[in-house]
Amino acid sequence: MQKFLWWQKDIIYQIYPLSFMDSNNDGCGDLRGIINRLHYLEWLNIDAIWLSPIFESPMVDLGYDITNHKQINPIFGTMQDFEELLAACHALDIKVILDYVPNHTSDQHSWFLESRSSRSNPKRDWYLWKDAAENGGPPNNWLSAFGGSAWEWDEKTEQYYYHAFYPQQPDLNWRNPMVQDAMFDIMRFWFDKGVDGFRIDVLWHLIKDERFRDNPINPEYEEGKSEYHCFIPVYSADQPEVHDIVVKMRKIADEYNDRVLIGEIYLPIQQLVNYYGLEQRPGIHLPFNFQFILCPWNAFEIYTAINDYEATLPDFAWPNWVLGNHDQSRVINRLGISQAKIAAMLLFMLRGTPVVYYGDELGMSDTPIPRIPDPESKQFPNLGSDRSPERSPMQWAPFDNAGFSCAKSWLPINENYLSFNVETEAQHDNSMLMFYYRLMELRKEEAALQIGRYIPACQHGNALSFLRHWEDRLFLIAVNLGESDETLTIPDQLPVSGKIVFGTHPDSFGRKVSQQINLKPNEGIVGRLIYERGFYE
Ligand code: GLC
């Protein structure tokens, strides 16, 4: 029998450590805070946590600008705290995945300080330095994802350096074997400590065109979209040589037992699947599939996205699904409460590893940040950044600071915390938390829902349905993505007979399921079906 690994069956939960739980009342979440709340994750049936960066950093990009990849940022605690967290998680059979940021470092990292000190410094070539263009301007037209040119002039050595993100995040030169060695050494350091995997930051950016050619103009650029999209990044990202690096990373992970590599890659599915590598030369295990964040939310688009993805994945590749992360507006704000429930049903009922962003299980929403950015703030210079709303503190309880901290929190608490918090929601059967809880519980109990085959059934109007099959277990999932009643007729070659075991509308539980499925507005159902041999093999 095919062997399924933990990262295929498990539910991964993303923790943004600054915002999860504050144990020392400085207003910032920390590692001890996470340790103190592991019982919640255990109760929720979470099998693995991914921590956004916890390493030494000036926090210009809140930890994605690292000065020492092997040290814990004191805001979060100490190495001993981390080791305790790892041991505590493992004792509960919860895996720990760390963020690995290979594309760039902080401009305060000793490597970059050396690199920028002179043109002849041995580390000069660890980063991407170029002479000015003939007109004195940047060497080419590449833009930073965070605005403006991606090139920053260095007065002292009179060259530009490249930064795909903030100027304080210079890109490493991954064509330099010494950079590769140094960065691979960091992976081994954490694997040796026992971490179970990495989420790899902006993996598709690692290698740039060797000739630094200009990116072509994007003819489909729409006014109002971020300036970054004026050009198509054909030369600054997703270069063929990146796959050699991906294969090397995988080899390192494979030196250890049972580790996982997840890649952050924003690319269309056809390009995304290349990051799985080839069966004989595998790449990473899970290139993030962001379709539920990026696709228009209607049944046609979503059904097409699911089926295209299933059809494009190589046989050896395992799918994954995500509704949110620390860079995206919360799912509740994008879809509203009713459709956030439908999205959760797809997340847990589709074939593939689900990744949950902390607080989405409570229905947490984006929190307006009234403060204007404070460039003087040494601790968090980008506090007012566009992405702060989705990073507000976890809402634990209906009292001061939502039970996150006894002090004023680093970002404001959402004012809906009195109703949307763990303690209150755990007592209300119809809360988002209990909805998540039951969905996850159902998934845990049924191999068909974890590892079973995906069988597309049909889409009509704003509703879609599919089946999951494993051995003699068969489930039908049908969801209505709209505000009107919908009727789905399941094709006769897929005989459907059973009853509803879960859904958005508890009054439907126990109702019969047959070829014709009537769905109320915003309704989703899971039916357990009688398995008829001969039809589903
Ligand atoms: C990734 C991270 C994002 C960060 C960027 C640069 O996209 O998710 O938060 O700002 O990389 O490191």
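The values are calculated or read from the model by the stated rules, or taken from the named source; none is laboratory data. On a predicted model such as this, the values are computed, not experimentally measured, just so you know. Please note: Cβ atoms are built from the backbone with ideal geometry, for glycine as well, and neighbour counts cover all protein chains shown. Side chains included, ligands, DNA and RNA excluded: accessible areas come from the protein's heavy atoms. Shrake-Rupley method; radii C 1.70, N 1.55, O 1.52, S 1.80 Å.
So the values come out like this:
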read-out: Unit charges on C-beta of K, R, D, E only; dipole of the chain, Debye; value: 920 debye
read-out: Residues whose placed amide H lies under 5 Å from that of L529, excluding near-sequence neighbours; value: L474, F475, L476
read-out: Fully extended contour minus Cα-Cα distance, from V247 to E441, at 0.36 nm per residue; value: 66.3 nm
read-out: Solvent exposure, largest accessible area first (probe 1.4 Å, DNA, RNA and ligands not counted), of D386, D185; value: D386, D185
read-out: Shape of the stretch 108-152, Cα gyration tensor, a/c cut at 1.5; value: oblate
read-out: Segment L418-T304, extension gain: residue separation times 0.36 nm, minus the distance between their alpha carbons; value: 37.2 nm
read-out: Approximate spin-label separation A311-A426, in nm, with each point projected 7 Å along Cα-to-Cβ; value: 4.6 nm
read-out: Antiparallel %, DSSP beta bridges [both residues in the stretch 79-223], to 5; value: 70 percent
read-out: Peptide ranges 500-507, 151-158 listed from the most packed, as the mean C-beta count within 10 angstrom indicates; value: 500-507, 151-158
read-out: Positive-pole candidate from S118, G63, C89, dipole of the stretch 40-139, charges at beta carbon; value: S118
read-out: Heavy-atom accessible area order for D366, D214, largest first, 1.4 Å probe; value: D214, D366
read-out: For the stretch 325-366, convex hull volume per residue from C-alpha positions, Å³; value: 66 Å³
read-out: Cβ-placed point charges (K, R +1; D, E -1), dipole of the stretch 218-364 about Cα centre in debye, nearest 20; value: 360 debye
read-out: Under-5 Å amide H pairs with I265, H placed in peptide plane, nonlocal only; value: F288
read-out: Simple label model, 7 Å out from Cα along Cβ direction - E220 to F184, nm; value: 3.7 nm
read-out: Between 0 and 90°, nearest 10: helix 337-349 axis offset from the chain longest Cα axis; value: 90 degrees
read-out: Per-residue [θ]222 nm for the chain (sum of -39500 (n - 2.57) over DSSP H runs n ≥ 4, rounded to 500); value: -7000 deg cm²/dmol
read-out: D (Stokes-Einstein, µm²/s), Kirkwood Cα radius, the stretch 263-347, 0.692 mPa s at 37 °C; value: 240 µm²/s
read-out: Rounded to whole Hz, the Karplus (6.51, -1.76, 1.60) HN-Hα couplings of the stretch 169-180, x for glycine and proline; value: 10, x, 6, 6, 9, 6, 7, 8, x, 5, 5, 4
read-out: Acute angle (nearest 10 degrees) that the helix 299-312 long axis makes with the longest principal axis of the chain, alpha-carbon atoms; value: 70 degrees
read-out: Where the stretch 67-146 is the region considered: accessible area per residue in Å², 1.4 Å probe; value: 42 Å²
read-out: Per-selection Kirkwood Rh - the chain (Cα, Å, 1 d.p.); value: 24.5 Å
read-out: Gap separating the Cα centres of the stretch 143-217 and the stretch 3-50, nearest whole Å; value: 28 Å
read-out: R259 - accessible surface, heavy atoms, 1.4 Å probe, Å² rounded to 10; value: 40 Å²
read-out: For the stretch 213-265, projected area of the alpha-carbon convex hull averaged over all directions, nm²; value: 5.1 nm²
read-out: The stretch 1-61, relative contact order in percent, only Cα pairs under 8 angstrom and at least six apart counted; value: 39 percent
read-out: Partners for K499 among lysines (Cα-Cα distance below 22 Å; same-chain residues under 8 apart left out); value: K341, K444, K512, K520
read-out: Three-way shape label, the stretch 456-522, alpha-carbon gyration tensor, a/c 1.5; value: oblate
read-out: Karplus-derived HN-Hα couplings along the stretch 150-162 (A = 6.51, B = -1.76, C = 1.60, θ = phi - 60°), whole Hz, x at Gly and Pro; value: 8, 10, 10, 7, 10, 4, 5, 9, 6, 9, 9, 10, 9
read-out: Cα centroid of the stretch 443-480 to Cα centroid of the stretch 231-262, whole Å; value: 32 Å
read-out: Helix 79-91 axis, angle to the chain major axis (alpha carbon atoms, nearest 10°); value: 20 degrees
read-out: Cα gyration tensor category, rounded, prolate or oblate, for the stretch 1-70 with a/c compared to 1.5; value: oblate
read-out: 5 angstrom amide H check on F502, placed H, neighbours 5+ away; value: V526
read-out: 3J(HN,Hα) from dihedral phi, the stretch 453-467, Karplus parametrisation 6.51/-1.76/1.60, rounded to Hz, x for glycine, proline; value: 5, 9, 10, x, 10, 6, 9, 8, x, 9, 10, 8, 8, 8, 10
